[in-house]
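First the structure, in the form of structure tokens, and then the observations on it.
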Amino acid sequence: MDVPTTIGPLRGLRIIDMATVFAGPSAARRLADFGADVIKVERVGDGDGARALGERDADDSFYWRQVGRNKRPIELDLKQDAGRGVLLRLIAEADVLIENFRPGTLERLGLDPEEVLLRANPGLVVLRVTGFGQDGPYAGRAGFGTIAEAMSTLAHTTGQADGPPTLPSIALADEVTGALSAFAVLAALRHRDLTGEGQVIDATLLESMLDIVGPGPTIAQRTGVPDRRIGSRLWFSAPRNVYECADGWICMSGSADSVAKRILLVVGGDELEQDPRFATNADRIEHVEELDALIGAWTRARTWRDAVQTLTDAGAAAGPIYDATQLLQDEHVIARGSLATVANPDGDGELLQPAVTPRLSRTPGAVRHAGLARGASTDEVLRELGYSAAEIAELAAAGAVGGLPVGA
């Protein structure tokens with residue numbers, strides 16, 4: 001089975017993406033962005049749940065257009081022997097399999113990673129993404145990013161001090177898990193290339209979030225003191241907050257002492273910069289209410305553009321708080337092409353999506369197309385596997401594959 005020609009450093013790799021919605025598909029999307037041939041396996045008839053989430057473009061959501069980009073979608077009924085047979089033929093020639101079923105599901109399908117898949121393809125890397133892992137007391141629980149964001153302490157530490165715990169309004173745990181999982185896949189492939197040995201990766205939403213929340217658990221272990229909500233501030237640095245201007249909001253950070261002093265000079269001149277209440281970072285943290293009040297009074301007297309420009313010119317760290325429409329108009333975002341214009345074969349016109357990141361100087365990734373319609377690549381992939389037209393028609397008639405008209 002030939003791998004289609006793509007560009008990017010991962011060209012030549014074949015990845016089978018059986019996962020749904022975000023975390024596993026997010027890992028696959030990142031690998032596809034850098035040139036891997038990702039075959040997206042979906043259920044016959046309804047496809048990945050990401051297709052139905054939020055605002056839609058034609059038949060599919062904008063979420064799907066992004067997480068499904070650069071992939072070749074096919075539909076298989078894995079409850080049928082014929083559908084599993086197609087999957088096994090794909091896996092036999094694949095480098096990576098990505099799935100996010102509850103633990104035990106692959107095994108019940110007769111696809112045990114160690115006993116079946118790695119024996120058939122010893123160099124295969126199997127990425128298993130779940131909420132809590134393949135073992136442990138919570139292994140059988142459904143995995144949702146919301147739960148991981150809550151249990152990881154993120155929600156507890158997010159929000160105003162006098163308000164409730166706050167969850168992020170984006171699929172943060174899924175995207176973090178996707179990024180870390182893509183890294184793990186590349187590490188496993190490096191091992192495979194050195195030894196010929198594939199392996200199974202056990203990635204979890206909860207542990208991925210624990211990787212990014214900082215030393216709060218360590219501090220609690222050593223001091224017995226839990227972390228707390230402090231709004232947009234940092235417990236270890238001041239000033240750091242969001243500040244209202246005459247026509248919007250900005251943020252600023254004084255995590256470096258030299259930068260904090262520049263903020264003080266801009267806001268209150270030498271008098272404020274030399275104020276003993278704000279002489280050191282520890283002093284600024286102790287007097288953060290007074291400091292934020294002084295900064296807030298200064299910002300409210302200015303437009304956000306004027307405030308950001310004045311602070312930036314002084315070498316301080318400040319930036320605007322954008323909504324999505326403002327982001328689209330930012331001159332730096334436009335100049336860099338941070339949002340790429342993406343071909344949208346199954347929708348209306350072109351789309352703006354985040355460009356491939358990070359940028360490689362010699363072998364950059366590329367967005368070749370937005371997420372395609374269900375089963376758009378079924379016929380193409382089956383033919384690459386060596387199925388004849390008659391065999392493909394038989395599979396379609398039996399409902400073992402989708403995306404093809406009955407009798408095709």
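Computed from the coordinates by the stated procedures, all read-outs in this text should not be read as laboratory data. Just so it is clear, the structure is predicted and the values come from calculations on it, not from any experiment. Don't worry about glycine lacking a Cβ; one is built from the backbone with ideal geometry, like all the others, and counts go over all protein chains shown.
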Over the Cα atoms, compute the radius of gyration (one decimal) and Dmax (the largest Cα-Cα distance, rounded to a whole number) for the stretch 161-248, in Å. 19.0, 62
Taking the reciprocal of mean 1/r across every pair of different Cα atoms in the stretch 17-162, the Kirkwood radius in Å is 16.7
What length, rounded to one decimal in nm, is gained on full extension from Leu339 through to Ala142, with 0.36 nm per residue of separation minus their alpha-carbon distance? 67.6 nm
Report the semi-axes of the equivalent ellipsoid for the chain in whole Å, largest first, where each axis is √(5λ) for an eigenvalue λ of the Cα gyration tensor. 47, 25, 18
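What is the sum of charges, Lys and Arg at +1 and Asp and Glu at -1, for the other residues whose Cβ falls under 15 Å from the Cβ of Arg300?
-2
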The simple spin-label model distance between Asp202 and Ile230, using points 7 Å out along Cα→Cβ, in nm, is 3.6
Compactness of the stretch 195-298, expressed as Rg and Dmax over alpha-carbon positions, Å: 19.4, 67
How far is helix 304-313 tilted off the main Cα axis of the chain, in degrees rounded to 10, range 0 to 90? 80
Total charge of the residues flanking Gly145 in space, meaning their Cβ is under 15 Å from its Cβ, with Lys and Arg +1 and Asp and Glu -1, is -4
Output the Kirkwood hydrodynamic radius of the stretch 65-143, Cα pairs only, in Å rounded to one decimal. 13.8
For the stretch 69-94 and the stretch 194-218, compute the distance between their C-alpha centroids and round to whole Å. 27
